[in-house]
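This report refers to the structure that appears directly beneath it.
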Amino acid sequence: MSSSTKTAGSFTSQADAEGGRQAARVVTLRDREHYVLRELGPDDEPLLREMFARASQEDIHFRCFGAMRGFAEDMAHRLAHLDPKQEFALAVLTPPEAGREEILGVVHLEKNPEAETTAEFDIMVRADLKQHGLGYLLMTEVLRSARRRGLEAVTGMILRDNYVMLQMAHELGFATESVEDDLVKVKAPLARSPVFDDAELDDA
């Protein structure tokens with residue numbers, strides 16, 4: 001059994017239980033660029049607003065399933081002030097040597113109130129930084145975080161014309177659960193996933 005706190009009805013990791021967020025860490029992706037990966041907090045609202053203000057209409061369409069007035073302000077406030085018992089969010093940022101901190105992408109996980117061991121994800125990467133592996137990094141890390149928090153499955157709603165996201169979801173072990181109009185519901189059981197190595201699977 002892992003040493004992480006895993007309690008049905010709770011959405012806290014060991015770091016959360018001890019009163020702090022997971023430590024930030026530097027990661028290197030396939031483009032050999034360095035990025036910082038860390039949890040979001042209230043102080044990130046200005047950085048989130050800046051990122052969302054740069055979103056393309058296509059980004060907003062895929063994220064909100066349509067147009068949304070006040071998108072940048074509303075989303076920034078929403079993700080900067082999460083309920084830690086129900087939600088969790090990760091961001092990938094520019095490295096310290098960049099000179100100016102910027103949020104490049106975010107992934108958010110919210111527990112399903114009707115199924116305590118399941119949570120739904122949503123994700124956005126800055127339009128000018130797609131195809132760099134940031135989305136794959138965020139999804140991989142949020143699935144690991146979900147498992148550490150004792151969840152059994154992660155779901156998501158993806159528009160049928162968001163082909164890149166659908167392909168990535170399937171590569172990460174998500175399967176199509178249902179299709180309704182233009183929305184595809186995908187689900188990834190965390191007991192067995194291509195995201196986890198054998199050691200992580202054994203530590204369950």
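The values are calculated or read from the model by the stated rules, or taken from the named source; none is laboratory data. Being a predicted model, the structure only gives us computed values, none of them experimental. Glycine gets a Cβ as well: all are built from the backbone with ideal geometry, and neighbour counts include every protein chain shown.
When T117 is tested against (1) part of a loop (DSSP other than H, G, I, E, B); (2) touching a residue at least 40 places away in the same chain (Cβ under 8 Å), just one condition goes unmet, and that condition is (1).
Of everything in segment 23-51 that's small (G, A, S) and surrounded by 12 or more Cβ atoms within 10 Å (Cβ to Cβ), which residue is nearest to D83 (Cα to Cα)?
Kept after step one, since they are small (G, A, S), are these residues of segment 23-51: 23-24, 41.
Going one step further and asking which of them are surrounded by 12 or more Cβ atoms within 10 Å (Cβ to Cβ), we end up with 24, 41.
Values: A24: 20, G41: 11 Å.
Applying the filter and picking the extreme gives G41.
Picking from residues in segment 52-64 that are under 16 Å from the mean Cα position of the chain (by Cα) and at pLDDT below 80, the one that is surrounded by the most Cβ atoms within 10 Å (Cβ to Cβ) is R63. Scanning segment 65-76 for residues that are modelled with pLDDT under 90 and assigned to a helix (DSSP H, G or I), which turns out farthest from V184 (Cα to Cα)? Applying the filter and picking the extreme gives A72. Every listed requirement among (1) out of contact with any Pro (no Cβ under 9 Å at 6 or more places or on another chain); (2) in contact (Cβ under 8 Å) with a residue 24 or more places away in the chain; (3) surrounded by fewer than 16 Cβ atoms within 10 Å (Cβ to Cβ) is met by E110 save one, (3). Taking T140, is it at pLDDT 90 or above, surrounded by fewer than 19 Cβ atoms within 10 Å (Cβ to Cβ), among the polar types (S, T, N, Q) and under 17 Å from the mean Cα position of the chain (by Cα)? So T140 passes the test. Set side by side, the residues L48, L79, L109 differ, and just one is assigned to a helix (DSSP H, G or I), under 30 Å from P189 (Cβ atoms) and at pLDDT 80 or above, which is L79.
Might you check whether a residue that is under 17 Å from K111 (Cβ atoms), crowded, with 18+ Cβ neighbours inside 10 Å and either free of Cβ contacts under 8 Å to residues at least 40 places away in the same chain or aliphatic (A, V, I, L, M) (or both) occurs anywhere in segment 154-172? Taking every residue of segment 154-172 in turn, at least one turns out to be under 17 Å from K111 (Cβ atoms), crowded, with 18+ Cβ neighbours inside 10 Å and either free of Cβ contacts under 8 Å to residues at least 40 places away in the same chain or aliphatic (A, V, I, L, M) (or both).
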